[in-house]
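J.: What follows is a structure written as structure tokens; I'll ask about it next.
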Amino acid sequence: MFENEKVVSYSSEKLIDEGLRNYMLKIYNYMAGGLTTTAIVAWFIASSPAILKLFFTPHGYSLLGWLALFSPLIIIFAFGSVMSRGTLKQVQAMFWGYSALMGISLAPIFLAYTGASIARVFLITAAMFGTLSLYGYTTKKDISGWGSFLIMGVIGLVIASIVNIFLKSTGLYYALSYLTVFIFAGLTAYDTQKLRSLYFAGVRNEDFGARLAISGALSLYLDFINMFMALLRLMGDRR
């Protein structure tokens, strides 16, 4: 009797491990696909002068450029509603659309920084992200308490960045870049543990699990992009 119970328990644990592995793999695959889409769109626009002129002028963003810049923000606000009310295909379309629009808004980095430094910073960011995400996935320590502190940090970053548009302080610019790396490094570990916890909380419905994987991929995608941009400002070689 006890042997049978052990067999059932072992089988259940094995199924949970395989399910969790597949669930996390789906999240990372979506995230990698989103980053690839963003990189391809950004490079394509930066490499095409005719298309570049549609979004950017010598004085800054064109009207279409401003629209592309703020569209990802609109999508983020609309994402929650589509997650709960839309179809899985609509959720997927929003994720890929967001990744492409981010590519448009990030196209200027290929004009401002050398290709070698962009590649170097990307690899550094990938190594940092991988280490932090692995920590969030494997640690036994409950880091859910970090959430409110880190979200407050993000809000503070946004406010300080808006203020610095008018102050144009170089010191504040670099201080905010360091803080961005610190805050989104913490969010990478926090978001990974949260996604793992959500699985153990009972994500077994296939459709909802697929939606949650896309939502989780978007969270980790944003963590990666923000860390990358902050590190590029600190370590990138300008043309």
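The values are calculated or read from the model by the stated rules, or taken from the named source; none is laboratory data. Since the structure is predicted, the reported quantities are computational estimates derived from the model, not experimental observations. No Cβ is skipped: glycine too gets one built from the backbone with ideal geometry, and neighbour counts run over all protein chains shown.
J.: Looking only at the stretch 86-99, how many residues end up being surrounded by fewer than 18 Cβ atoms within 10 Å (Cβ to Cβ) and aliphatic (A, V, I, L, M)?
T.: Going through the stretch 86-99, the residues surrounded by fewer than 18 Cβ atoms within 10 Å (Cβ to Cβ) turn out to be 86-90, 92-93, 96-97.
Restricting the remaining residues to those that are aliphatic (A, V, I, L, M) gives 88, 93.
Total satisfying the criteria: 2.
J.: Sticking with this one: Does the stretch 165-180 include one or more residues that are in contact (Cβ under 8 Å) with a residue 12 or more places away in the chain, of a type in the set (S, T, N, Q), at negative phi and in contact with a Leu (Cβ under 9 Å, 6 or more places away or on another chain)?
T.: From the stretch 165-180, those in contact (Cβ under 8 Å) with a residue 12 or more places away in the chain are 172-174, 176-180; that's our starting set.
Remaining after also requiring of a type in the set (S, T, N, Q): 177, 180.
When the remaining residues are screened for being at negative phi, the result is 177, 180.
Still in the list and also in contact with a Leu (Cβ under 9 Å, 6 or more places away or on another chain): 177, 180.
The answer is yes, given that some residue of the stretch 165-180 is in contact (Cβ under 8 Å) with a residue 12 or more places away in the chain, of a type in the set (S, T, N, Q), at negative phi and in contact with a Leu (Cβ under 9 Å, 6 or more places away or on another chain).
J.: Only residues that are farther than 26 Å from GLY115 by Cβ, in a loop (DSSP other than H, G, I, E, B) and among the polar types (S, T, N, Q): list them for the stretch 51-95, please.
T.: THR87
J.: Another one. Has the stretch 37-50 got any residue that is hydrophobic (A, V, I, L, M, F, W, C), exposed (fewer than 14 other Cβ atoms within 10 Å of the Cβ), in contact (Cβ under 8 Å) with a residue 60 or more places away in the chain and part of a helix (DSSP H, G or I)? Explain how you work it out, then say what you get.
T.: Quick first cut of the stretch 37-50, residues hydrophobic (A, V, I, L, M, F, W, C) only: 39-46, 50.
Narrowing the set further to residues that are exposed (fewer than 14 other Cβ atoms within 10 Å of the Cβ) leaves 40, 50.
Cutting the leftovers down to in contact (Cβ under 8 Å) with a residue 60 or more places away in the chain gives us 40.
Among the residues that remain, those that are also part of a helix (DSSP H, G or I) are: 40.
Yes, some residue in the stretch 37-50 is hydrophobic (A, V, I, L, M, F, W, C), exposed (fewer than 14 other Cβ atoms within 10 Å of the Cβ), in contact (Cβ under 8 Å) with a residue 60 or more places away in the chain and part of a helix (DSSP H, G or I).
J.: On to the next question. Quick check on the stretch 111-121. Is at least one of its residues over 30 Å from SER47 (Cβ atoms) and part of a helix (DSSP H, G or I)?
T.: No, every residue in the stretch 111-121 fails to be over 30 Å from SER47 (Cβ atoms) and part of a helix (DSSP H, G or I).
J.: Any idea which of (1) crowded, with 16+ Cβ neighbours inside 10 Å; (2) over 22 Å from LEU20 (Cα atoms); (3) modelled with pLDDT of 95 or more is the one PRO108 doesn't satisfy?
T.: Of (1) crowded, with 16+ Cβ neighbours inside 10 Å; (2) over 22 Å from LEU20 (Cα atoms); (3) modelled with pLDDT of 95 or more, only one is false for PRO108: (3).
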